[in-house]
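We did not get these values from a lab; they are worked out from the coordinates using the rules stated. Keep in mind it's a predicted model, so treat the numbers as computed, not measured. Here the Cβ positions follow ideal geometry from the backbone for every residue, glycine too, while neighbour counts run over all protein chains shown.
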Amino acid sequence: MSRRFRASGGLLPLLAPEGLNALVNTTQAAGIAGVSVAAISKWKDRGLIEPSGLDERGRPLYRPADIAKAERQTRKRNWTR
């Protein structure tokens, strides 16, 4: 596991009592999937992932299980610009 992944807080939501039902922000979602924050936004724009909630400032929150599903779909489709 890379230092970047651990530093981004990628594992913390999975170890929380809520586990896979925890809601994570876009930065944490990127850490979990091992992609950039921009990639998460692109997945949202393409309909691969939908926010499961909003934080107190109206920013999207995602479930780790949905993040993993979107990441698998991107590997299968080989997206291009």
Potential lengthening between VAL37 and GLU50 on full extension [0.36 nm per residue; Cα-Cα distance subtracted]: 3.2 nm
Peptides ranked, highest mean first, by Cβ atoms within 10 Å: ranges 37-47, 60-70, 21-31: 21-31, 60-70, 37-47
